[in-house]
Amino acid sequence: MKNTVATFRAMKEKGEKISMLTAYDYSTAKLVDQAGINSILVGDSLGNVMLGYGDTIPVTVEDMIHHGAAVVRGASNALVVVDMPFMSYQTSVYDAVVNAGRIMKGTRCAAVKLEGGVEVADRIKAITQASIPVVAHIGMTPQSINAFGGFKVQGKSMEQARKLLEDAKAVEAAGAFAVTLECVPTPLARLVSEQLSIPTIGIGAGDGCDGQVLVYADMLAMFSDFRPKFVRTFGNVGEMMTQAFKDYDAAVKDGSFPAPEEGYKMDESILEGLE
Ligand code: KIV
């Protein structure tokens, strides 16, 4: 069944949990989609996972369109959300609408995601008014890593907890149809989820959220540069890949690959005619 913005709304109303995973390419998107995951996020985490940057800051709109379009081609039923990268919406409301439009036209995604709360509510409102659905992202927002001074849990103090609640209400009022809560204490994320009518999608935000998202390369142990405590390994694919690469290396070197049946035959007389 095709997942839409309305599916998200209905799932929250019925108390059904929403599953979301990242993907950045056609083949992975197909696998995620076939597994019945509700939504695929083409996260700007592709900067870390696909492109090898230390953070998401260098990721461009062109990067997002390139990967986002591939994911959309692989996803039949999952709702595809594409991240707006750093500096594609922070500069002005105008830039935000133009870049959200470029991303939607260039990828045919169903929605965009951007980071921030009260301070980007005017961007969320304008993008939504342009008929582009928006997922907000609050709490620990990786594009603000330099302002935060590192990856830190958000909402532990009274001041931060108040700010998180204000941000959540502001993005809902601005028209976001869902909100990602990243690295937020479990009880606070539960409170936010109870107070909002739109679904919350948690990552490192505990079990009180309306849905969960993980970076697929984290949950398959394919990405090892850093590993937050909220990541669970659902499959040791990284280890399987390394072993398969080793087996291939050995088979090439000992001559057991390719086997005769892995090659193409021809009429031997043609070969003789060449001698
Ligand atoms: O870029 C990303 O993958 C994200 C998730 C961590 C929510 O924003």
* How big is the chain by Rg and Dmax over its Cα atoms, in Å? -> 22.0, 86
* Asked: Across the Cα atoms of the stretch 58-129, what radius of gyration and what greatest pairwise Cα-Cα distance (Dmax) are found, in Å?
  -> 11.8, 34
* So which lysines can Lys246 reach, going by Cα to Cα under 27 Å and dropping same-chain residues fewer than 8 places off? -> Lys30
* **Antiparallel DSSP beta bridges within the chain, percent to nearest 5** => 5
* To do: Considering the options Pro185, Leu114, Gly68, tell which one lies farthest towards the positive end of the dipole of the chain, charges being +1 on Lys and Arg and -1 on Asp and Glu at the Cβ, about the Cα centre.
  => Pro185
* Structure fact -> Magnitude of the Cβ-charge dipole (Lys and Arg +1, Asp and Glu -1) of the stretch 1-71 about the Cα centre, nearest 20 debye, reported as 460
* Structure fact -> Across Ala217, Ala35, Ala259, the residue with the highest GNM fluctuation in the chain (Cα network, 10 Å cutoff) is Ala259
* Distance histogram for the stretch 25-174 (every C-alpha pair counted, 5 angstrom bins, percent rounded to whole numbers) -> 2, 10, 18, 21, 20, 16, 10, 3, 0
* Asked: Lys229: which aspartates and glutamates have alpha carbons under 13 Å from its alpha carbon, excluding same-chain residues fewer than 8 sequence positions away?
  -> Glu182, Asp218
* Between the helical axis of 186-195 and the dominant principal axis of the chain, each derived from Cα atoms, what acute angle in degrees is found, rounded to the nearest 10? -> 70
* **Order by protection proxy (mean Cβ within 10 Å, highest first), peptides 36-46, 183-193** => 36-46, 183-193
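Only helical DSSP H runs with n ≥ 4 go in: add -39500 (n - 2.57) per run for the chain, normalise by residue count and round the 222 nm mean residue ellipticity to 500 deg cm²/dmol.
After summing the helix terms and dividing by the residues of the chain, the value is -13000 deg cm²/dmol.
Counting pairs of alpha carbon atoms under 8 Å apart in space and at least six apart in sequence, what relative contact order in percent does the chain give?
After rounding, I find 15 percent.
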* Can you spot the lysines whose alpha carbon is less than 24 Å from Lys12's alpha carbon? Ignore those fewer than 8 places along the same chain. => Lys2, Lys113, Lys125, Lys163, Lys169
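All of the numbers you see were taken from the coordinates with simple rules; none came from a lab. None of these values were measured; they are calculated from a predicted model. Glycine gets a Cβ as well: all are built from the backbone with ideal geometry, and neighbour counts include every protein chain shown.
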